[in-house]
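K.L.:
Shown below is the structure under consideration.
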Amino acid sequence: MRDGRSVRRPVSARRAPDGATIACADRRRQDHGNTSALRSGIVGSGCMVSADRAGRARYRGQGCASADVRPLLNVGQGAATLLEFPTGAVLIDTGAQDDAAVRKLMDYLHEFFNGRTDLDRTLQQVILTHPHSDHTKGLREIAEAFEVKRLTHNGQRTGSGWPDVKWVLEHAGMSRPDMKILAVPDSAIPPAAVAPGLTSTHIDPIGAGTNPPACDPAIWILAGRVDAAHGWNAEDLKNVNNQSLVVRVDYGKSSFLLTGDAEAPALARLCDRYSNTSVLDTDVLQVGHHGSHNATTDRLLRAVTPKIAVIPVGRWDYGKEPPREFTTNAYGHPRKVTVDLLTRRIRGRRDAPITAMVATKARMFLRTTVAKRIYATAWDGNVVIRATTRGNLTPETRQ
Ligand SMILES: [Zn+2]
């Protein structure tokens, strides 16, 4: 499945004026899986980036334009994460809680492409973590409104979001024959000793363009659809959430992990696979399953060591009155036990504490002060993490 890009691609280095080494080649291939290299990082000498009239970043110097990773478009009880790089855009999940949230998502994407005319209304890649409607509801409209070059999904033909996926697969076959489709079973993920995840020009179609190679982001799939039990019981295996694609994104020294809605059995499998490596060690964790009690474990957090967590979740009163099933209120998301775990493991603090509604159980919420760098669409609206290749991360929230 690999496209020939070597995991151990050599780093071309040159001397900076101060004598430090600037690693300008594809360093991520080398240090993804090697803590010391990952932490040693790049010493740059200034980032000079301007935009031409089309909004295209023009490289003038030795740095890279920042990437905006929008882990949390505010789609209510759902997930949609836009990765904006200097040379392209990728969307991970296309969910929304209802039709109004789909319209909000579409408005956001139209506005985004209006500001990045150089991207020609093209998503280089859409990754669907799993076929549940809260991750797929906007897919059809997105595929109709924008050019979707590639679609990656877990290949399951079941779940509330399957009709959305099915429509796009059929659509791709008829009027968009150039849309490339990839389904990722877990058996396609190489052993950790061989490679730090699965990648290819399909999974990672974004290059550096005319920027230095260090500006080339990297996208890896760390887990796919599980077909055999591997110690799971029948219920774990049937649970679509456990079949979520897990995605790691690197932009120089900045790194992100998205676990879809993978629940504890899938997270245990993930941690087993990458134990004794730093593959899960990432700066920003998109918290799984909307902050549910069963999709964040202390073992995962010890492996990830996140600096920032972001939770894609609806407002606490969504589905409260009249009471409705399959809503934020009915599920009790995010759950206090998860927010407590994150609070314990994340060191950094928000600019100012926020008072948020956090659930102690289904339909039971308490006002809770969140002081650490835990962001959520329910409290913060759209969340943008501005990331530089040097590892500077700036969260911005926009209601
Ligand atoms: Zn979900």
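K.L.:
Please list, ordered by chain and number, the residues whose modelled amide H lies under 5 Å from the amide H of Ser292; skip anything fewer than 5 residues away on the same chain.
P.N.:
Distant-sequence amide H within range of Ser292: Arg335.
K.L.:
Right, here's the next one. Each residue of the range 293-310 in order: what ³J(HN,Hα) in whole Hz does its phi give by Karplus 6.51 cos²θ - 1.76 cosθ + 1.60, θ = phi - 60°, with x for Gly and Pro?
P.N.:
Ordered by residue, 3J(HN,Hα) equals 5, 10, 10, 9, 10, 5, 4, 4, 5, 5, 7, 7, 6, x, 8, 9, 10, 10 Hz.
K.L.:
With both bridge residues required to lie in the range 229-384, what share of the DSSP beta bridges run antiparallel, to the nearest 5%?
P.N.:
Working: 13 of 23 bridges.
About 55 percent, rounded to the nearest 5.
K.L.:
So how far apart, in nm, are the two label points at Phe326 and Thr360 if each is 7 Å from Cα heading toward Cβ?
P.N.:
Simple spin-label model gives 3.0 nm for this pair.
K.L.:
Using θ = phi - 60° and the Karplus form 6.51 cos²θ - 1.76 cosθ + 1.60, what ³J(HN,Hα) does each residue of the range 164-174 get, whole Hz, x for Gly and Pro?
P.N.:
Calculated HN-Hα couplings, in order: 5, 5, 4, 4, 5, 4, 5, 4, 4, x, 9 Hz.
K.L.:
Shifting gears a bit: Please work out how much length the chain gains when fully extended from Ser175 to Ala352, using 0.36 nm per residue of separation minus the C-alpha to C-alpha distance, in nm with one decimal. Mind showing how you got there, number by number?
P.N.:
Details: separation 177, 0.36 × 177 = 63.72 nm, distance 4.96 nm.
That pair, Ser175 and Ala352, stretches by 58.8 nm at full extension.
K.L.:
Please say if the range 64-398 is rounded, prolate or oblate, where rounded means a/c under 1.5 for a ≥ b ≥ c the square roots of the C-alpha gyration tensor eigenvalues, and otherwise the choice is prolate for a/b larger than b/c and oblate otherwise? List each step's numbers first, then the result.
P.N.:
Numbers: a/c = 1.18, a/b = 1.17, b/c = 1.01.
Judged from the Cα gyration tensor, the range 64-398 comes out rounded (a/c under 1.5).
K.L.:
Taking amide H positions as placed 1.01 Å from N in the peptide plane, with prolines and chain starts having none, which residues 5 or more places from Lys372, or on another chain, fall under 5 Å of its amide H?
P.N.:
Arg350
K.L.:
Then there is this: Check which residues have an amide H placed less than 5 Å from Ser278's amide H, if you skip close sequence neighbours.
P.N.:
Gly33, Asn34, Thr35
K.L.:
Of all DSSP beta bridges in the range 64-398, what percent run antiparallel (nearest 5)? Before the final figure, lay out each step's value.
P.N.:
On the way: 37 of 59 bridges.
Approximately 65 percent, going by the DSSP bridge assignments.
Any read-out appearing in this document is the output of simple, stated calculations on the displayed coordinates, not a laboratory observation. The structure displayed is predicted, hence computed values, not measured ones. No Cβ is skipped: glycine too gets one built from the backbone with ideal geometry, and neighbour counts run over all protein chains shown.
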